[in-house]
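The values are calculated or read from the model by the stated rules, or taken from the named source; none is laboratory data. Note that this is a predicted model, so its numbers are computed, not measured. Quick reminder, even Gly has a Cβ in these numbers, built from the backbone with ideal geometry, and neighbours come from all protein chains shown.
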Amino acid sequence: MFESLNDRLEGAFKNLKGHGRLSEVNIAQSVKEIRRALVAADVNYKIAKEFTDKVKDKALGQENVLNAVRPGEMMVKIVQDELTELMGGQAEGINLNGKPSTILVAGLQGSGKTTFSGKLAKFLKSKKKLSPLLIAGDVYRPAAINQLQVIGEQIKVPVFTIEDNKDPVEIALQGIAHAKANNFNVVIIDTAGRLAIDEAMMNEISNINEAVDPNEALFVVDAMTGQDAVNTAKAFNDVIDYDGVVLTKLDGDTRGGAALTVKYTVGKPIKFTSAGETMDTLDVFHPERMAQRILGMGDIVSFVEKAQEQYDEKEAQKLERKIKKNKFDFNDFLSQIAQLRKMGDLKGLMSMIPGMGKMTKDLDIDDSAFNKVEAIIFSMTKHERENPEVLNMSRKRRIAKGCGQNLHEINMFIKQFDQMKKMMHMMSKGKGMGNLQNMLG
Ligand code: GDP
């Protein structure tokens, strides 16, 4: 995400880092490069200029920057603060005070509305413990209704639709009535989009907006479309005066312009970002964390939060007991992989760890390593999974055949598994790193 912006900004700071002291000249030079970096990331020139003027004023205005021991780092901090400010400062929640709460989802066709509606439903159900109902208001494309139904089934959230009805206002209102009567406390209305803004679409979304008067109207936009995203955001805001923006496809090759300038241009905060096609890839937008990521500092807070979401205390205690007794087995290993998988895609996860984003940038990291290991374990019998020590040569041969891998790979995996098991056992007995070092010689 935002890799080339990150590279260019780093280049701008590098210039400063080479100098022992800052001067007006090298600050000006660095600021110019920051501005270039922003424009290359599809930030409108006027905004980029205003941004860098502020950075420059702050840098020059602060004596301590000029005299700082590490002037480059002071500049990074100034830019980080300004980026956070540009993106809205604080994270903003959504209004869920209705009975039921109504959330209207608008945007162009293909922006990711239907996918987002599903992700939001899942988010509200699993994290906010609400009971959502999805309303299929895209009446022009039967495939869209079907798509929402498939998503609904997947996340176990019901979808309301009226067959052969072409009036989205009526569908929305009846859907809300249905929610009231059936104890759903939040409804998400997916609406139709067009490929480009046109009057008919604007009239329609405006009619739905007036009839429903939603607690929260969200505008969904594809981050890959850069400045266009910001222009569309403006056009929709003029018509429905929405509450927040959802930026999708941040997993793609986005330059960053939309994320950086939508708040400034439209005056509405980004509330969520979406980075993938699976239902777990929705994040609450935090300007400060995004600024850190843009500057290549990772986002360790989000990383820990994601890990905590998957953390099941009972499971963890059970696992700890097993490790202590040196009874960690292949089933436990499988469930650890499943938990990691639930946290999201691996490359995205690794990029949240400070310093890792750059290292993993050109690597082709995917889940296939997990698939291989899982295939090996799935080829074991129940007895073998629970008792790793029984794996003798003939059993290993049979497993190799079963999963289509060679014996060497099976041996390697089992050896690594044994080492890991030993290590975890030692750590659990509180002997910690000292003992670990002994073990490693
Ligand atoms: P709609 O027409 O606005 O309802 O858009 P859809 O929800 O049908 O999404 C259009 C396409 O974009 C689909 O193929 C989605 O799977 C894909 N999509 C949606 N959100 C994301 C995202 O965050 N990342 C990626 N990579 N693809 C997405």
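Data for the structure
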read-out	value
Breaking point among (1) touching a residue at least 24 places away in the same chain (Cβ under 8 Å); (2) buried (at least 16 other Cβ atoms within 10 Å of the Cβ); (3) in contact with a strand residue (DSSP E or B) (Cβ under 7 Å, 6 or more places away or on another chain), for residue 145	(1)
Looking only at the stretch 108-128, and only at residues there that are within 16 Å of the ligand (Cβ to nearest atom), of a type in the set (Gly, Ala, Ser) and closer than 18 Å to residue 283 by Cβ, the one that is surrounded by the fewest Cβ atoms within 10 Å (Cβ to Cβ)	112
Helices (runs of 4 or more DSSP H) wholly inside the stretch 34-127 containing at least 1 residues that are without any contact (Cβ under 8 Å) to a residue 40 or more places away in the chain and of a type in the set (S, T, N, Q)	45-61, 63-67, 113-126
Number of positions in the stretch 170-183 that are free of Cβ contacts under 8 Å to residues at least 40 places away in the same chain and away from the ligand (no atom under 16 Å from the Cβ)	5
Those residues of the stretch 148-169 which are surrounded by 15 or more Cβ atoms within 10 Å (Cβ to Cβ) and either assigned to a helix (DSSP H, G or I) or within 16 Å of the ligand (Cβ to nearest atom) (or both), in sequence order	148, 149, 151, 152, 155, 157, 159, 161, 168, 169
Total residues in the stretch 220-252, condition touching a residue at least 40 places away in the same chain (Cβ under 8 Å) and of a type in the set (Asp, Glu)	3
Conditions (1) under 19 Å from residue 41 (Cα atoms); (2) part of a loop (DSSP other than H, G, I, E, B); (3) of a type in the set (Phe, Trp, Tyr): number failed by residue 264	(2)
Test: residue in the stretch 250-260 that is modelled with pLDDT of 90 or more and either of a type outside the set (D, E, K, R) or assigned to a helix (DSSP H, G or I) (or both)	yes
Residue satisfying condition, being among the small types (Gly, Ala, Ser) and more than 18 Å from the chain's Cα centre (by Cα), within set 117, 101	101
